[in-house]
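Chemist: Attaching a single structure in C-alpha cells format; questions to follow.
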Amino acid sequence: MPTIGQLEKLLALAPDDPFVHYGLGQELAKAGKLNQALTCYTKVIELDPTYCYAYYFKGQTLDQLGRSDEAKEVIEAGIQAAEQINDGHAVSELMELLESLA
C-alpha cells in the first residue's frame, strides 16, 4: 500500500480521483488521523455517490469519533447507494455495521 505522502502526491496529480481519496483515507485512518480520514471519505462520496465502501468507512470513522447518530445516517445512505447499483455484498456489510451501532 502506498504511503500517505505518496497518496498526497497522486492526489495533486488527480484531485478528482475517488480511489486516491479513498486510499488516502484508509492510510490516514490507520495512522489515527480520523478527522482527516473523514474528510477523504466525504470527498469520495461527493465524487462518486456509488462508492459504497466510502460510506462504510465514513460511518465507522464517525462512530469512532463518538458521532454515532451521524454514522447511522451515513450508513443508511450507503445502503441506499448499494441498493441502487445492486451491490448485495455492500448492502450486507453496511447493514451489519449499522446493526453493530444500534
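Chemist: Mind putting a number on the dipole of the chain about its Cα centre? Charges go on the C-beta only, +1 for Lys and Arg and -1 for Asp and Glu, and I need it in Debye to the nearest 20. Can you show the working numbers first?
Modeler: Working: 7 positive and 16 negative charges, 93 e Å.
I would put it at about 440 debye.
Chemist: Roughly what would the spin-label model give for residue 33 and residue 77, points 7 Å off Cα along C-beta, in nm?
Modeler: 2.3
Chemist: Run the helix sum for the chain: -39,500 (n - 2.57) per DSSP H stretch of 4+ residues, divided by residue count, reported at 222 nm to the nearest 500 deg cm²/dmol.
Modeler: For the chain, the value works out to -25500 deg cm²/dmol.
Chemist: Another question about this same structure. Please arrange 89, 21 by counting, for each residue, the other beta carbons lying within 10 Å of its beta carbon, fewest first.
Modeler: In order of increasing Cβ crowding within 10 Å: 89, 21.
Chemist: Moving on to the next point. How large is ³J(HN,Hα), in whole Hz, for each residue of the stretch 50-60 in order, when computed from phi with the Karplus curve 6.51 cos²θ - 1.76 cosθ + 1.60 and θ = phi - 60°, using x for Gly and Pro?
Modeler: So the J values, rounded to whole Hz, are 9, 7, 4, 6, 5, 5, 4, 6, 5, x, 4.
Chemist: Let me ask something else. Stretch residue 89-residue 6 to full length: gain in nm at 0.36 nm per residue minus the Cα-Cα span?
Modeler: My answer for the length gained is 26.9 nm.
Chemist: Go through the stretch 10-27 residue by residue and turn each phi into a ³J(HN,Hα) via Karplus (6.51, -1.76, 1.60, θ = phi - 60°); whole Hz please, and just put x for glycine and proline.
Modeler: 4, 5, 5, 7, 9, x, 10, 8, x, 5, 5, 4, 4, x, 5, x, 4, 5
Chemist: Using +1 at the Cβ of each Lys and Arg and -1 at the Cβ of each Asp and Glu in the chain, identify which of 12, 80, 68 lies farthest towards the dipole's positive end.
Modeler: The residue sitting farthest along the positive end of the dipole is 12.
Chemist: Among (i) 32, 23, 14; (ii) 21, 17, 11; (iii) 23, 16, 10, only one was calculated for this model; which label is it, if the read-out is semi-axes √(5λ) of the Cα gyration tensor in Å?
Modeler: (iii)
Chemist: Sticking with this structure for a sec: In which sequence would 61, 50, 3 go, from the one with the fewest C-beta neighbours within 10 Å to the one with the most? Display every interim value, and only then the final one.
Modeler: On the way: 61 24, 50 15, 3 10.
The most exposed by this proxy come first: 3, 50, 61.
Chemist: So what J values fall out for the stretch 85-92 if you push phi through Karplus, 6.51 cos²θ - 1.76 cosθ + 1.60 with θ = phi - 60°, rounded to Hz, Gly and Pro as x?
Modeler: Each residue's phi maps through the Karplus curve to give 9, 6, 9, x, 5, 5, 4, 4 Hz.
Taken together, the values in this text are just the output of simple stated rules run on the coordinates, not laboratory data. What you are looking at is a predicted structure, and each value in this text was computed from that prediction instead of being measured. Reconstructed Cβ throughout: ideal geometry from the backbone, glycine too, with neighbour counts over all protein chains shown.
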